[in-house]
Amino acid sequence: MSKIRKILRMYSHGRSILSISAQADASRNTVKKYLTSFKDSGFTFEEVNALNDKELEDLFGKSKEHPPNSRMQSMLRCYPHVDKQLKRVGVNRQMLWKEYYKEFPDGYLYSQFCFYFNQWKARVNPVMHIDHKSGDKLYVDFAGKKLSITDKDTGEIIEVEVFVAILGASQLTYVEAVLTQQKEDFIMACEHTLHYIGGVPDAIVPDNLKAAVTKSSRYEPTLNETFADFADHYGTTILAARAYRPRDKALVEGAVKIMYTRIYAPLRKTVYHTLNELNEAIREALEIHNNLLLQGRNYSRRQQFEEVERGVLTPLPVLRYELKKQFHATIMKNGHVCLGPDKHNYSVPYRFIGKKIKLLYSSNSVEAFYHYERIAIHKRTRSMHGYTTDKEHLASTHQFVTDWNPERFLGWAAAIHEDVRLYIHNIFDRKTHVEQAYKSCLGILNFSRKVGNERLILACRRGLHYGIYNYKTIQMILEKNMDQYEESLFADELPMPSHDNIRGEDYYQ
């Protein structure tokens, strides 16, 4: 602004344009431009000189913008359509420029077409540049276009999903084909990515697919519990991208487009019969991609990763993540809960009987949770209708029942008397299944507390004499006091009593 003041001051003193140009070190056209603006303003030199630099810049510093010509206006009207078409798979600027030039032969050539498009794009839809820190974020997504494998026996073509992940700072990329976008395949692919890069970033940025986010939100999305558990296992954070905001993960969106050229194209002429075959081919093409020099730079993604990012990643945990599924069930009255997929029953502490709990089960274990507290853990067993019981979970009376076996009852009976043990032994011998005798034996042995050991011994002795072995026999003997009867040595010698109801031997002649 000081140069403008100097030019105007010399002009007010009557100096010529040639002299002003030489003294101010400015071209004659520049001097004429400022003097023209000064004359058009209608102000005196004193009034202009009193303006501050900002006001002086507004008056002289800004060049007047000329309205775009018809050629430019025609191209600007095409840009919204160009922007929309570029979002389609396989469409690029070269193709759209050719269509534009066909319609407008006197239009701009390709370089100017792209130059003005970038200016238009920045003006109508400005983008914030993001500097990615080393080890900060891993962006993950599924490609829009699928690959396929062919069944060797039937010839059926099976389309498969393509998972893509890219580190923010080094742009090291990982690609894997999976059968579905469901959480099992998605989490498995994420885990394979972490082991491929050999560490864990601070955060994973997924799209709003159901495998990662159960309820999308602009401010606080609800994460899938299994995916959140996976993140906890590896000590990282999930930062879900906003719905319908692809720029939140523009890096992986760009990586997907590159994969269409670097991986899809080399694989399109080969038929693969298994997912493993396809992934082996993907891995070979991926290594070539990661080792190519970046455009305009003298290093590759792999070199950049090794130099600036590998060292700042968090080390992998010793154990790999074990995918867990959920199942909700109600604890039965017997203190067990049934895992539906296996139809197997597992014990839980008896105080939770009747409560609805959540089961988290993996290929090896089953965990029971009530209000976010783990109340039981068992090794998974797949035998249908079976029971896995921890005695510590049962009430004291139930624990007693679980210890029932023939040896326990025989030992209890022997502690009372040998005749009692022999009677109990005969009960077990006459049952096709030993568990059928447990309650009978328990009832008989409990008589020792009701009538005493002596009466029970006599009752069992009389029962052995009768040759009838069950609970009701001992009960009848004790209730009728038959254990107190004494046998007569001469009972067989007594005469037959006389009675009208006795027919006598003559009746049968």
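The values are calculated or read from the model by the stated rules, or taken from the named source; none is laboratory data. All values reported here derive from a predicted model rather than from experimental measurement. Neighbour counts run over all protein chains shown; Cβ positions are idealised from the backbone, glycine included.
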Could you pull out the residue among L316, L293 that is farther than 30 Å from S148 by Cβ and either touching a residue at least 24 places away in the same chain (Cβ under 8 Å) or crowded, with 18+ Cβ neighbours inside 10 Å (or both)?
-> L316
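Is there a residue being over 20 Å from I166 (Cα atoms) and either part of a helix (DSSP H, G or I) or out of contact with any helix residue (DSSP H, G or I) (no Cβ under 8 Å at 6 or more places or on another chain) (or both) anywhere in region 304-318?
As a first pass, look at region 304-318 and keep what is over 20 Å from I166 (Cα atoms): 317-318.
Going one step further and asking which of them are either part of a helix (DSSP H, G or I) or out of contact with any helix residue (DSSP H, G or I) (no Cβ under 8 Å at 6 or more places or on another chain) (or both), we end up with 318.
Yes.
A quick yes/no check of all residues on (1) assigned to a helix (DSSP H, G or I); (2) among the hydrophobic types (A, V, I, L, M, F, W, C); (3) surrounded by 13 or more Cβ atoms within 10 Å (Cβ to Cβ); (4) modelled with pLDDT under 80:
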| site | (1), (2), (3), (4) |
| --- | --- |
| M10 | yes, yes, yes, no |
| N29 | yes, no, no, no |
| E57 | yes, no, yes, yes |
| G90 | no, no, no, yes |
Verdict on T36 being surrounded by 13 or more Cβ atoms within 10 Å (Cβ to Cβ), among the hydroxyl-bearing types (S, T, Y) and assigned to a helix (DSSP H, G or I) = no
Check region 277-284 and report whether any residue there is touching a helix residue (DSSP H, G or I) at 6+ places or on another chain (Cβ under 8 Å), surrounded by 12 or more Cβ atoms within 10 Å (Cβ to Cβ), in the same structural domain as T150 (by TED's automatic domain parsing) and free of Cβ contacts under 8 Å to residues at least 40 places away in the same chain.
-> yes
Which residues, taken from region 469-487, are at pLDDT 85 or above and part of a helix (DSSP H, G or I)?
-> Y471, K472, T473, I474, Q475, M476, I477, L478, E479
Scanning for something among the small types (G, A, S) and either assigned to a strand (DSSP E or B) or touching a His at 6+ places or on another chain (Cβ under 6 Å) (or both), does region 141-158 turn up at least one residue?
-> yes
Index of the failed condition, L179 passing every other in (1) in contact (Cβ under 8 Å) with a residue 12 or more places away in the chain; (2) over 19 Å from P266 (Cα atoms); (3) more than 23 Å from the chain's Cα centre (by Cα) = (3)
